[in-house]
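Inspection log for the structure reproduced underneath, given as structure tokens.
The values are calculated or read from the model by the stated rules, or taken from the named source; none is laboratory data. Note that the coordinates shown come from a computational prediction; the quantities given were computed from them, not determined experimentally. As a convention, Cβ positions derive from the backbone with ideal geometry for all residues, glycine included, and neighbour counts pool all protein chains shown.
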Amino acid sequence: MTQIAHLHEALDGQRLWDDVQALAAIGALEPKGIRRLALDAQDNQARLWLAEQGRALGCQVYYDALGNLFLRREGQEASLAPLLIGSHMDSQPEAGAHDGALGVLAGLAVLRTLQEQGIEHSRPLEIVAWTNEEGARFAPGASGSSWFAGQRDYDEIVDALDGDGLRFGDALKECLTLLKDEGLEYRPAPFVPHAFLELHIEQGPVLEQLGKPVGVVSGIQGVNWYRIQVEGVANHAGTTPRQARRDAFDGAHELVTALKAATRDQDDDLRFTIGKFSVWPDAVNTIAQRATFTIDLRHPDAQLLEALDRHFHALAEEQWSGCDVTLEVTSRVAPVAFHEPLLAVLRESAGSVCAEAPELVSGAFHDAIHLAHVCPTAMLFTPCRAGISHHPDEHIERQDADIAVRALAHVAETLLMTRNNAHDPDH
């Protein structure tokens, strides 16, 4: 067996960067940025591009019932659970080229190095591109990984509708037909990996401020999504006095003020965001009858999230400016702490390529938050300029990416050689 002690040193950084540019061309916007919404033509084209790369490297290429795509390089012991590396390739409507995509391409770089160097390893390696992580077209996100990890039901996922009323299941059917027509192999059932690794841009400013190219992610904070509807009475804007109004916008404004007051914390660890807000009938001279808005609430402490959830529901039971309120929880993902023995491997590997690699908790949710429920899971971060993401200005430095991917390869050096199937990388 050829040893893989120097896998991270053999990795071709130029080829990695070429792949970054090639994938960024799929769904490219002018003058910059990308748009690859889940299961649209560009997202499906990205799948075909990735499948082509896998086939060129002699890999088996599979897809499953949610359109998750897997590139498999066999190990010497095919019965061992595979090491799984990856992320997602779908994007926000106007996005940068690295969110998610870098994690898939990092796995591809590890796989390519193994193949081109003729390196053998004990357990199989699979690279995965998960379906609909962003949730920009079909909410909530992380559809492919949450289903794979048994965290969400298939029927619930496929019944989601996009903004045009198109059903997720119908778009998925088109994708699966395309993959089948390309001759890819269907593998419907999820499996339990030996471990899951995800490299991702930080989407925050910490690593850049510290001047570090890579950081170890110890866990992901929890996320609650809400949809709130405030119901008032529409009336003429010029003839209805203040005391006679049941203005849904006023009610929403008062409620938002109360919600924001409840979520102020001295340590600034809590994240409260209203990302969508609309009124109806949306006419300049008509009092709003209905106001609808969303809340994205995040924190690493599950108990605090639960307490705030109870408080949100209590506020929704009150009237605001004479208006009634309906609160719906559209998604709830509990915080996770990553697998400590695996984190020890990541700390050692990151330290081999970056002196004093920092440790962070992820403020954004990732596919890894679901995989952590079924196998040892951990993440690495690399910095993005000014912490900007979900925007065409998203930018990473090539040198940082190169170092972070080498850290990932170093982890793979350890995990691919282990024969233990007890899902403990420390054994």
Item to check | Qualifying residues in region 331-378 (those that are part of a helix (DSSP H, G or I) and polar (S, T, N, Q)) - the one nearest to Leu297 (Cα to Cα) | outcome: Ser349
Checklist entry - With respect to the numbered conditions (1) outside any helix (DSSP H, G or I); (2) farther than 30 Å from Ala401 by Cα, which one is the sole condition not fulfilled by His253? => result (1)
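Can you work out which of the residues in region 241-268 that are of a type in the set (Asp, Glu) and surrounded by fewer than 19 Cβ atoms within 10 Å (Cβ to Cβ) is nearest to Ala288 (Cα to Cα)? Steps first, answer last, please.
Keep residues of region 241-268 that are of a type in the set (Asp, Glu), which gives 247, 250, 254, 265, 267-268.
Restricting the remaining residues to those that are surrounded by fewer than 19 Cβ atoms within 10 Å (Cβ to Cβ) gives 254, 265, 267-268.
Details: Glu254: 14, Asp265: 32, Asp267: 37, Asp268: 34 Å.
This residue is Glu254.
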Checklist entry - Which of the residues that make up region 292-333 are surrounded by 19 or more Cβ atoms within 10 Å (Cβ to Cβ), of a type in the set (Val, Ile, Thr) and under 13 Å from Arg227 (Cβ atoms)? => result Ile295, Val325
Checklist entry - What single numbered condition from (1) surrounded by fewer than 24 Cβ atoms within 10 Å (Cβ to Cβ); (2) in contact with a helix residue (DSSP H, G or I) (Cβ under 6 Å, 6 or more places away or on another chain); (3) among the charged types (D, E, K, R); (4) modelled with pLDDT of 95 or more fails to hold for Arg406? => result (1)
Item to check | Residue in region 123-146 that is assigned to a helix (DSSP H, G or I), more than 20 Å from the chain's Cα centre (by Cα) and over 30 Å from Trp17 (Cβ atoms) present | outcome: no
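Could we say that Asp269 is at pLDDT below 95, over 23 Å from the mean Cα position of the chain (by Cα) and part of a loop (DSSP other than H, G, I, E, B) here? Walk me through how you get there before you give the answer.
Working: at pLDDT below 95: yes; over 23 Å from the mean Cα position of the chain (by Cα): no; part of a loop (DSSP other than H, G, I, E, B): yes.
Considered against the rule, which asks whether it is at pLDDT below 95, over 23 Å from the mean Cα position of the chain (by Cα) and part of a loop (DSSP other than H, G, I, E, B), Asp269 comes out as no.
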Next on the checklist: I'm trying to understand the selection: among the residues of region 340-367, which are under 16 Å from Ala407 (Cβ atoms), of a type in the set (Gly, Ala, Ser) and touching a residue at least 12 places away in the same chain (Cβ under 8 Å)?
Outcome noted: Ala344, Ser349, Ala350, Ser352, Ala357
Checklist outcome for this item: Flagged in region 25-40 as aliphatic (A, V, I, L, M), within 20 Å of the chain's Cα centre (by Cα) and not in a strand (DSSP E or B), in numbering order, are Ile26, Leu37, Ala38, Leu39
Next on the checklist: Condition first: surrounded by fewer than 24 Cβ atoms within 10 Å (Cβ to Cβ), modelled with pLDDT of 95 or more and within 20 Å of Ala25 (Cβ to Cβ). Can you find one or more residues in region 69-92 that meet it?
Outcome noted: yes
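Mind listing just one residue for me: the one in region 291-310 that is of a type in the set (A, V, I, L, M, F, W, C) and within 22 Å of the chain's Cα centre (by Cα) and, of those, nearest to His253 (Cα to Cα)? Show your work before the answer.
Our first condition is that a residue be of a type in the set (A, V, I, L, M, F, W, C); within region 291-310, this holds for 291, 293, 295, 297, 302, 304-305, 307-308.
With the extra rule that they be within 22 Å of the chain's Cα centre (by Cα), the set shrinks to 295, 297, 302, 305.
Values: Ile295: 14, Leu297: 18, Ala302: 28, Leu305: 22 Å.
Across region 291-310, the extreme among qualifying residues is Ile295.
Given the criterion within 14 Å of Lys180 (Cα to Cα) and either assigned by TED's automatic domain parsing to the domain that holds Asp164 or part of a loop (DSSP other than H, G, I, E, B) (or both), identify the matching residue among Gly58, Gly67.
Working: Gly58 fails: within 14 Å of Lys180 (Cα to Cα).
Going through Gly58, Gly67 in turn, the sole match is Gly67.
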Checklist outcome for this item: A careful count of residues in region 169-219 that are out of contact with any Ser or Thr (no Cβ under 7 Å at 6 or more places or on another chain) and β-branched (Val, Ile, Thr) gives 4
Next on the checklist: For region 189-248, give me each residue that is assigned to a loop (DSSP other than H, G, I, E, B), touching a strand residue (DSSP E or B) at 6+ places or on another chain (Cβ under 8 Å) and hydrophobic (A, V, I, L, M, F, W, C).
Outcome noted: Val214, Ala234, Ala237
Next on the checklist: Could you go through region 364-372 and let me know if any residue there is in contact with a His (Cβ under 9 Å, 6 or more places away or on another chain), within 23 Å of Thr418 (Cβ to Cβ), aliphatic (A, V, I, L, M) and modelled with pLDDT of 95 or more.
Outcome noted: yes
